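The values are calculated or read from the model by the stated rules, or taken from the named source; none is laboratory data. Since the model is a prediction, treat every value here as computed from it, not as a measurement. As a convention, Cβ positions derive from the backbone with ideal geometry for all residues, glycine included, and neighbour counts pool all protein chains shown. Note: accessible area is taken over every heavy atom of the protein model, side chains too, but ligands, DNA and RNA are not part of it. Shrake-Rupley method; radii C 1.70, N 1.55, O 1.52, S 1.80 Å.
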Number of protein chains: 2
Amino acid sequence: MINEKMYGLGSRRSAIREIFEYAKRRASEVGAENVFDFSIGNPSVPAPACVDEAIGRILKETPSVELHGYTPAQGDKKCRDRIAANLNARFGADISGDDLYMTCGAAACLTVSIHALACPGDEFIAFAPYFAEYKVFVEGAGAKFTAIPAEKDTFLPDLEALQKAMNRSVKGIIINSPNNPTGVVYGEETVRKLARFLQEKEKEYGHPVYLISDEPYRELVYDEEAKVPYVPRYYPDTLVCYSYSKSLSLPGERIGYIAVNPRAADAKALYAAVCGAGRVLGFVCAPALFQRVAAECDGKTADLGVYRRNRDLLYRRLTDLGFSCTYPDGAFYLFVKSPEPDADAFCERARKYELLFVSGEDFGCPGYVRIAYCVPTECIGRALPRFASLAAEYGLVKKG
Amino acid sequence: MINEKMYGLGSRRSAIREIFEYAKRRASEVGAENVFDFSIGNPSVPAPACVDEAIGRILKETPSVELHGYTPAQGDKKCRDRIAANLNARFGADISGDDLYMTCGAAACLTVSIHALACPGDEFIAFAPYFAEYKVFVEGAGAKFTAIPAEKDTFLPDLEALQKAMNRSVKGIIINSPNNPTGVVYGEETVRKLARFLQEKEKEYGHPVYLISDEPYRELVYDEEAKVPYVPRYYPDTLVCYSYSKSLSLPGERIGYIAVNPRAADAKALYAAVCGAGRVLGFVCAPALFQRVAAECDGKTADLGVYRRNRDLLYRRLTDLGFSCTYPDGAFYLFVKSPEPDADAFCERARKYELLFVSGEDFGCPGYVRIAYCVPTECIGRALPRFASLAAEYGLVKKG
């Protein structure tokens, strides 16, 4: 009598959550220090000091009724203006506060954007590996979800595969850079090529194909040369989905925004549809206090140096041990090739050493595992001998 | 190319918001002290001291990564357990934390509950006048929304009208007590009768008919004898949709919960469907800090005495002036009969005196206006002579 699809989605626990609970159980059996949970993408560094300072200042300076009251559905005007000004200063975005819609985090950005766009019969495409909830969100809006493989090894968008999959029903392409689960960053040349391809398709079809750019990891890049291009500068029909979850270590507070590119086709109508979708889904407004905190701290970050150190350490040592992994410029994940074809079996074998990963299967990409390195660095240090034993079990050949 | 329905919902501003913006414009023309905006249901009393204390204590005592991290999708376990214990103590609810699902406020409670239940072809019923977003939420879940009139004058559920409207496709009935916009409270006898009626229908149909009890005003009752019954005690197949927006004056922070009655049909599956719906809609989890604040302050309230004084003052004076209005036990609204058949024309005439109301049309109940008295009491005092002039213009007969 209830909705079976919702029941299915609510009762089949996600693989990640299942591992998370296994980790807790194991920790109670063998001690927390002996379990190495690399499964969850939960920031491991505290929110930056500016967050606490902003909370304190805002609570002190803003009358309660104003502070905790409803903001407009699209978000507090001052907050939106401030964030827009930052986007203009940092990326030459040429955007105003009236093009921003504050949301309850990146997931809400995606569901609101997809509901704003999706008409019956529409299709949305993502490159595998992809964040599994994309499928849930697209299908929840009544549209068709299609995953096409990314380029082998580089994990960049495969335009040949995209060419084969493209058709007039494709309303949007979802990209995610820096990428979960590969850590790969789409550089300027990649974005330019994708934009050129889509612009040709738009001309051919005579209607827009929207790019939904999911960017919760925008600030999490660790090399000078790895720049995250501001996608709307390359492709007008873009909605940027941003969240402060990773940059400010605030995933539980649910705060982010959709930036509707003012140069998108029918941008004003698109923005109105975003507002309508937020209303239909029951969002009312993004959390009021954290709208203000995010606006005050926008552009600042938690201490991302920890992630960089973790990436350097883990990437170097795992590849030294003979594991195969595309170099990750950002996010906080390594996407490691399973040394045996069945990545689930590899995960099982790793569990013997209390090493917990997520199978690439859960990202639409069998034969790989995701290793989330948003953990204390000392934990990685203690895990390395176990990785070495695991490598030895597979007879991997050491480098260096 | 975008979704036209979403566009329509996002571009047609709600009547209430339109009045709100008119009020701001008028205030800049004639001075804020000369505009009397009774249109918006935004709490006018500050959050209670316990909220600030809780925020301070939680920030101080909880490590950042734990505090601002993801909670489980259904909410922090300790918070849910604490709220469940309060429900048991206050209402004999016999509920556990595992029956609660923390949400981003009452709107999210409703969309999540409706999506959890709605199957293709399903219908949901509400009694008019009703909160206009019910229709948006139900239709957004792909179900049919039907409004049937409440009993004349009392605004209680009209069971004869419900009997006529009932059919096997009805998956749920949405009730709202204390009621927006009438302020009427459904007492024990009313709930008992409704429960009896629905239980007979369940037997007749051989399947559950769920009661969605929307209770953001639960604590806002002003008379000793006006008790708000805990609906699940009377009707097993109930989902309680609660929000802290009004009780703690935190509407912008988006925090509330769904209580799935553990004695509902297939309660465990229903709870799983609620989790699935939250996932599909993109909620991830309710805001983490305010989950903890709500749990700590649950059962406490802002200074509701202001609303009581406002209600007493405005109800007495308006009925003295000859206006007709059902006595409101709770919420912060008067639902006043328009002295002319066309309530929109009445609203227009009131605007000449800078008195701003919302037409009952917007609640599916023509011929009435909603007067929100969540304003400073002195503002009501200054508005009374204007109400007197308005009454005189209609030739209403003074009482007392």
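Three semi-axes describe the equivalent ellipsoid of the stretch B:8-61; taken as square roots of 5 times the Cα gyration tensor eigenvalues and ordered largest first, they are 33, 18, 9 Å. Across the stretch A:222-301, C-alpha contacts under 8 Å between residues 6 or more apart give a mean separation that, scaled by the residue count, equals a relative contact order of 26 percent. Label-to-label distances for B:Gly121 across copies, nearest first, come out at 2.5 nm, using points 7 Å from Cα in the beta-carbon direction.
Summed over both chains, the area buried between A and B is near 5600 Å², taken from the accessible surface of protein heavy atoms with a 1.4 Å probe. Note that the stretch A:283-289 has calculated 3J(HN,Hα) couplings of 7, 6, 7, 6, x, 5, 4 Hz, one per residue in order, obtained from phi through the Karplus relation 6.51 cos²θ - 1.76 cosθ + 1.60 (θ = phi - 60°); glycine and proline are x.
Distant-in-sequence amide contacts of A:Val228, defined by a placed amide H-H separation under 5 Å and a gap of 5 or more residues or a different chain, comprise nothing. Once each of the GluC sites (Glu not before Pro) sitting in a DSSP loop with at most 13 other beta-carbon atoms within 10 Å is removed, chain B keeps B:1-223 as its longest stretch.
Between this copy and the others, label points of A:Thr62 are 1.9 nm apart in ascending order, each placed 7 angstrom from Cα in the Cβ direction. Within the stretch A:1-34, the residues that become at least 30 Å² less accessible when every protein chain is included than when their own chain is isolated (1.4 Å probe; DNA, RNA and ligands ignored) are A:Met1, A:Ile2, A:Asn3, A:Met6, A:Tyr7, A:Leu9, A:Gly10, A:Arg17. Considering helices alone, the calculated mean residue ellipticity of chain A at 222 nm is -13000 deg cm²/dmol, with DSSP H runs of length four and up weighted by -39500 (n - 2.57) and normalised per residue. Which one of B:Val185, B:Val358, B:Val306 has the biggest mean-square fluctuation once chain B is modelled by GNM with Cα springs under 10 Å? Between B:Val185, B:Val358, B:Val306, it is B:Val306 that shows the largest mean-square fluctuation.
Amide H contacts for B:Gly322 (H built 1.01 Å from N in the peptide plane; partners 5 or more residues away or on another chain; cut-off under 5 Å): B:Lys399. Using a probe of 1.4 Å on the protein chains alone, the accessible area found for A:Arg382 is around 90 Å². Straight-line cross-link partners of A:Lys171 among the lysines, defined as a Cα under 21 Å from its Cα and at least 8 positions apart when in the same chain: A:Lys135, A:Lys144, A:Lys193, A:Lys201, A:Lys203, A:Lys268, B:Lys5.
Charging the Cβ of each Asp and Glu at -1 and of each Lys and Arg at +1, and nothing else, the dipole of the stretch A:70-129 about its Cα centre rounds to 320 debye.
Need the per-residue list for the stretch A:272-289: every residue with at least 40 Å² less accessible surface in the complex of protein chains than in the chain by itself, probe 1.4 Å, sorted by number. Those residues are A:Ala272, A:Arg279, A:Val280, A:Leu281, A:Gly282, A:Phe283, A:Pro287.
The stretch A:340-400: D in µm²/s via Stokes-Einstein (Kirkwood Rh, Cα pairs, 37 °C, 0.692 mPa s)?
Translational D for this selection: 265 µm²/s.
Element breakdown for the protein assembly as shown at a 1.4 angstrom probe: carbon and sulfur atoms account for 51% of the accessible area. State to the nearest 20 debye the size of the charge dipole of chain B about its Cα centre, where the only charges are +1 on K and R beta carbons and -1 on D and E beta carbons. For this selection, approximately 140 debye. Computed from the Cα positions only, the extents of the stretch B:206-359 along the three principal axes stand at 53, 42, 35 Å, in decreasing order.
Per residue, the convex hull spanned by the Cα atoms of the protein assembly as shown measures out at 161 cubic angstrom. Around the Cα centre of the stretch B:12-163, unit charges on the Cβ atoms of Lys, Arg, Asp and Glu (plus for the first two, minus for the last two) sum to a dipole of about 420 debye.
Backbone amide hydrogens, once placed in the peptide plane, bring B:Ile173 within less than 5 Å of B:Ile125, B:Tyr210, B:Leu211, B:Ile212, excluding anything fewer than 5 places away on its chain.
Working note: Cα gyration tensor of the stretch B:1-122, eigenvalues times five, square-rooted, sorted largest first, giving semi-axes of 35, 26, 17 Å.
Centre-to-centre separation between the Cα atoms of the stretch A:213-251 and those of the stretch A:286-301: 16 Å. Computed over the Cα atoms of the stretch A:172-251, pair by distinct pair, the Kirkwood hydrodynamic radius stands at 13.3 angstrom.
Considering only the Cα atoms of chain B, their convex hull presents on average a projected area of 21.0 nm². Rounded to whole numbers, the Karplus 3J(HN,Hα) couplings from phi for the stretch A:314-328 are 6, 4, 5, 6, 5, 5, 4, 6, x, 6, 10, 7, 5, 4, x Hz, using 6.51 cos²θ - 1.76 cosθ + 1.60 with θ = phi - 60°, and x at Gly and Pro. Using only the C-alpha atoms, the convex hull of the stretch A:99-244 corresponds to 107 Å³ per residue.
Spatially, the stretch B:108-141 and the stretch A:352-400 are offset by 46 Å when compared through their Cα centroids.
In chain A, what percentage of the DSSP-assigned beta bridges are antiparallel, given to the nearest 5? Don't jump to the answer; show the numbers that get you there.
Numbers: 18 of 39 bridges.
Close to 45 percent.
Counting from the shortest, the label point at B:Glu189, 7 Å from Cα toward Cβ, is 8.1 nm from the same position in each remaining copy. On a per residue basis, the protein assembly as shown carries 37 Å² of accessible surface, using protein heavy atoms and a 1.4 Å probe. Once you've got the GNM for chain B with C-alpha springs shorter than 10 Å, pick whichever of B:Ile58, B:Ile148, B:Ile40 has the biggest mean-square fluctuation. Checking each option, the largest mean-square fluctuation is seen for B:Ile58. Computed 3J(HN,Hα) for the stretch B:242-252, one whole-Hz value per residue from the Karplus formula 6.51 cos²θ - 1.76 cosθ + 1.60 where θ = phi - 60°, is 10, 9, 8, 4, 8, 5, 9, 6, 10, x, x, glycine and proline marked x.
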